[in-house]
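Please read the structure below before turning to the comments.
The values are calculated or read from the model by the stated rules, or taken from the named source; none is laboratory data. Note that the structure is a prediction, hence the values are computed from the model and not measured. Note: ideal-geometry Cβ built from the backbone for every residue, glycine included; neighbour counts use all protein chains shown. All accessible areas refer to the heavy atoms of the entire protein, side chains included, with ligands and DNA or RNA removed. Shrake-Rupley method; radii C 1.70, N 1.55, O 1.52, S 1.80 Å.
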Amino acid sequence: MLEIKYIRENIDTVKKALENRGGKANFDTFIDLEKKRRALLKEIEALRHSRNTVSEEIAATKRAGGNAEKEIIEMREVSDRIKELDKALNETEEGINSFMISLPNMPHSDVPPGLTEEDNRLEKQVGTPRTFDFDIKPHWDIGENLGILDFARAAKITGARFPLYLGQGARLERALINFMLDIHTMEHGFTEALPPFIVNRKSLTGTGQLPKFEEDLFKLEGWDYFMIPTSEVPLTNIHSDEILAEKDLPIRFTAYTPCFRSEAGSHGRDTRGLIRQHQFNKVEMVKYTTPETSFDELESMLASAETILKRLGLPYQVITLCAGDMGFSATKTYDIEVWMPGQDKYREISSCSNCGDFQARRANIKFRREGAKKPEFAHTLNGSGLAVGRCFAAILENYQQADGSVTIPEALRPYMGGAEVIKK
RNA sequence: GGAGAAAUGGCCGAGUGGCUGAAGGCGCUCGCCUGCUAAGCGAGUAUGGGGAUAAAACUCCAUCGAGAGUUCGAAUCUCUCUUUCUCCGCCA
């Protein structure tokens, strides 16, 4: 959410920023509502003031044993009038709020303009894709041949786009989770969390998934609860409605959770394999920072995610998303794309975003500077560290052997009971 | 699931219709005092919004879990919801 005063005073900047990311909104209605709100507020406050003062007089009169009938009748009318105006004010504020809450964040000045992924900016490529002297396979074939992935049975249990890992496959997924969590907690200063996998509407509104993207979520029948699409939601809401101390910042959380997405509108895309599932595992990083450190923290979050890929020996590239390709809440986003030889391209495996104070305003996350009276909005960041299923897929494809086996990256072997290879 | 109790400021806790944005205590901040990691004394210490201002000072409105109601007036009375606690039942 943007600041109401800021929108009012910088309407053209806001409009332009919105257009840059391909959105539009009716600002004229908003301006009218805003004017109306302040007019109503002024009138209501004046009436309340007179009610407060006269009520005190009535109390004094009564205490002295006098008669205040005239004032009481007068105030009865005032109260009725306040009630009417209050109703109008509530409606106005609802209009303003639903407008404000539907506006995406403004892109940072460093973000390249553009509406499609064509306009994303390549920052760097790390590692050299391996050359194969045999016919390489996509990860779903490798996994199914090894008996460690079984999409057919998963479809039987639930339906399409659900994974079933078996044997060394299940173990590899678990190993990756532990490997990532260990690095982030022991080397990068993150506190591990294990949050709820189901969250309420307020939390999803705080991080920006709601109200606009409800169709992307799995909702629980009979409850106003949703399966989390990412642990960004519970982690960023840990400190919602709180005022943090400056000395406690930055606060860094990491968590493993499964994530659940309806993938509405992506029919026919990535229909095979682990790339696009309704349920997938992810290790997430979330930070709460001061405004002046958030972009540095974004760099270090990116580095934290890169560490995982480097240790696993997976080639990748980093891109800065253009304005139109960023998520709703982000002001700047880096995507990390891992090399997938089976598909002969780089695929997203992590997305690290600085949300500035956008989520903090929605979720009411503040901090107080040492000695300062007024609290300020904190900045929040989130990033994958990494998407576990996609990492699993990348390992299968990058470490496949001619005989159909998969070499386990060295860094992962302690987490695999010392195993060096997955074979039939 | 059944029965009961509760929700007040950073924390503890008083307050059952007006003089209570809220006693008292603790904590914290600043100052004073004190020859010693203490005690004492004084002052300050919620959040949001409107107005005012160069910015402040200042001023007004709202907030005692949330929402609705009664009343001239609600922390206090009524209703609904949420959460917590106790007992019973069930359960990984």
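Yes or no: region A:88-101 includes at least one residue that is near RNA strand B (Cβ under 8 Å from one of its atoms) and out of contact with any helix residue (DSSP H, G or I) (no Cβ under 6 Å at 6 or more places or on another chain). For region A:88-101, residues near RNA strand B (Cβ under 8 Å from one of its atoms) and out of contact with any helix residue (DSSP H, G or I) (no Cβ under 6 Å at 6 or more places or on another chain): present.
Filtering region A:271-290 to residues that are open to solvent by 40 Å² or more (accessible area, probe 1.4 Å) and over 17 Å from A:PRO195 (Cβ atoms) leaves A:THR271, A:ARG272. A count restricted to region A:358-415 and to residues that are hydroxyl-bearing (Ser, Thr, Tyr) and within 13 Å of RNA strand B (Cβ to nearest atom) stands at 0. In the set A:THR289, A:THR236, A:THR254, A:THR271, only one residue is over 20 Å from the mean Cα position of the chain (by Cα) and of a type in the set (Val, Ile, Thr); that residue is A:THR271. Residues that are in a helix (DSSP H, G or I) and modelled with pLDDT under 95 within region A:157-206 comprise A:ILE157, A:ARG201, A:LYS202, A:SER203, A:LEU204, A:THR205, A:GLY206, listed in sequence order. The selection criterion, being touching a strand residue (DSSP E or B) at 6+ places or on another chain (Cβ under 8 Å) and either within 24 Å of A:ILE275 (Cα to Cα) or of a type in the set (Asp, Glu) (or both), holds for A:GLY143. Report every pair of residues separated by at least 6 positions or lying on different chains whose Cβ atoms are under 7 Å apart, first residue within region A:86-101 and open to solvent by 80 Å² or more (accessible area, probe 1.4 Å), second not in a helix (DSSP H, G or I). Between residues of region A:86-101 that are open to solvent by 80 Å² or more (accessible area, probe 1.4 Å) and residues that are not in a helix (DSSP H, G or I), there is no close pair. The condition (being near RNA strand B (Cβ under 8 Å from one of its atoms), closer than 30 Å to A:THR205 by Cα and touching a helix residue (DSSP H, G or I) at 6+ places or on another chain (Cβ under 8 Å)) is satisfied by just one residue among A:LEU85, A:LEU41: A:LEU41. Looking only at residues in region A:210-229 that are closer than 21 Å to A:GLN359 by Cβ and in contact (Cβ under 8 Å) with a residue 60 or more places away in the chain, the one that is surrounded by the fewest Cβ atoms within 10 Å (Cβ to Cβ) is A:PRO211.
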